[in-house]
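See below for the structure under consideration.
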Amino acid sequence: MSSSSSSFSSCAESGNPSPHPAAPAGVRPGAWPARRRCHDVFWLVVFLLHLLLFGGALALSGLNRFHIADRFNIDPFTNHTAAPPSAGGAPQPAPPGPDVQVSKYKALPSELTETYWKYYGAAGAVGTLLAWAWLAAAAGKRDGGRVVMRAAVHSLTAYLAVVSVLCFWGKHFFWGVALAVGAALHFLYVMSVIDRFPFTMLVLQKAVRMVWELPKVTRVAYAFVLVMLCWMALWSFGVSGIVAMHIPNRGQWWLVLALSVSLFWTGAVLSNTVHVIVSGMVFLVLIHGGQAAASMPPKPLLKSLQYAVTTSFGSICYGSLFTAAIRTLRWEIRGIRSKIGNNECLLCCVDFFFHIVETLVRFFNKYAYVQIAVNGHSFNRSARDAWELFQSTGIEALIAYDCSGAVLLMSTILGGLITGTCTGVWAYFTQSDKAIIVGSTSMLMGMILVGLTVVVVESAVTSIYICYAEDPLLIQRWDPEFFEQMSEALHQRLQYRSSRARQILNGRLDHLPSTSSI
């Protein structure tokens, strides 16, 4: 563990007085910890053990059918229709079907790892190109936020509908219905929050501008995409071996599901590592008044990277398990809750789940990563500190109104769908019975790769909100016009919440039984 002083504390050494009121003691540049210690070490160990365990399983399953079918004699343990072992103890292979000819040492191409590995190689290439193209389109110019939002909002519903039609055409009715329902739900969600899009567009444009002013952070995202590709090479090698095996009772799907959860966790860890790095950089720029400020510490990006992959890595591994799922669930419940009318029973049930999710959000929210980058605390403490900060300042009302996180998630899903469609269609015309399993896993690969670049803009958004809650004058110094727009939006949201609370209270009082005055 590094014993060097924190780079964030150097602003107190500049000798210049701060042009804005002092931030709270927890985040004052001069009060930030000079040393950091590791937190959530248990989850760091669990993540590393998970990599070793699943990495070994992936290598074993991939090599089992690489060039030679059933190299390690695994098939008798997965195929219950295989013949029993002979008297000599050597397992006998399952008898081939009438249309299949298998030699003693070789198998048909459809039964080998390399048959399916090429599809996943294509998925990795398509996902990488989409990820880099998205980041170039978003961060390559100052109005990239407009491009991001329009592409995500207007394209996802149509693309889901098109893929649904393709599934029906290929006689995969379950997936066709699932994607059609997804297209309908996405359309309804967009219609329910369409009045929030102007403010969302404003926030995204400013976040993209921040990323545009920090070109080094985009290079970090490109580098992490390459790191993810290295793990995906092993992952796709192992999954290709599993797809080539013949496991009854949908055993392939269960194995691929377990490996997909592992891949999702690994991708989330890398994405949130980028999140911490970018958040640290953005916070530094806002605290010091610009990247070229004399008080900026030397090599800030290197310091942020060092903290993210050492002392804060355990907290990143821990938060990556739950944050995405809880955040998505919260968006869905908020959308349903805002559209319920006077159905008291349904509203009561939704409110019950809403309060459960809100309680979980206190301990698992994406704003914790900014606090981790700045203070180096554990994940739960950082999440709790961020949530209490928002509650005490009223910024939570503005965050709940903002849909930038949902828009960025749409971009991630769209990138995954394009990747999955490309490989799924190719697999359909060559290995039609494996098109769904190849397409769905390729979709996950594309989502993770695109998500690694999307998180750069998301980190800028979360950092802006944290800075505005800590000291609004930080935002005013960076962009006075944006500060006025955020202040006006916050004032309107607080007024709206206050009037809505009065309406609910008056409605409940009207239902109380009348009592005679004493």
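The values are calculated or read from the model by the stated rules, or taken from the named source; none is laboratory data. None of these values were measured; they are calculated from a predicted model. Neighbour counts are summed over all protein chains in view; Cβ atoms, including those assigned to glycine, are modelled from backbone coordinates with ideal geometry. Only protein heavy atoms, including side chains, enter the accessible area calculation; ligands, DNA and RNA are left aside. Shrake-Rupley method; radii C 1.70, N 1.55, O 1.52, S 1.80 Å.
Can you figure out the FRET efficiency of Leu302 with Val147, using R₀ = 35 Å and their beta-carbon distance, to the nearest 0.05? The calculated FRET efficiency here is 0.70. Neighbours of Ala292, meaning other residues whose beta-carbon lies under 15 angstrom from its beta-carbon, give a summed charge of +2 when Lys and Arg score +1 and Asp and Glu score -1.
Peptides 213-222, 237-246, ordered by how many other C-beta atoms sit within 10 Å of their residues on average, highest first, read 237-246, 213-222. The orientation-averaged projected area of the convex hull spanned by the Cα atoms of the stretch 191-285 comes to 9.3 nm². Grab every C-alpha pair in the stretch 141-190, bin the distances at 10 angstrom width from 0 up to the longest one, and report whole percents. Result returned by the calculation: 28, 39, 22, 10, 1. The length gained on full extension between Phe173 and Thr430, counted as 0.36 nm times the residue separation minus their Cα-Cα distance, comes to 90.5 nm. For Ser440, the solvent-accessible surface with a 1.4 Å probe is about 40 Å², rounded to the nearest 10.
Pulled fully out, how much extra length does the chain show between Gln485 and Val162, if you take 0.36 nm times their separation in residues and subtract their Cα-Cα distance?
112.4 nm
Summarising the label geometry, the points placed 7 Å from Cα in the beta-carbon direction at Cys349 and Arg35 lie 5.6 nm from one another. Put simply, the Cα atoms of the stretch 373-463 extend 58, 28, 18 Å along their principal axes, the longest span coming first.
Output the relative contact order of the stretch 160-203, whole-number percent, from Cα pairs under 8 angstrom with separation of 6+ residues.
Computed over the stretch 160-203, the figure is 32 percent.
A simple spin-label model places pseudo-atoms 7 Å from Cα toward Cβ; at Met191 and Ser392 they are separated by 4.3 nm. Counting every alpha-carbon pair across the stretch 238-312, the share separated by more than 14 Å comes to 71%. For the pair Asn73 and Leu49, label points projected 7 Å from Cα toward Cβ lie 3.1 nm apart.
Counting only heavy atoms of protein chains, what accessible area per residue, in Å², does the stretch 366-424 have with a probe of 1.4 Å? For the stretch 366-424, the per-residue accessible area is 22 Å². Fully extending the segment from Trp253 to Tyr496, taken as 0.36 nm per residue of separation minus the present Cα-Cα distance, adds 82.7 nm.
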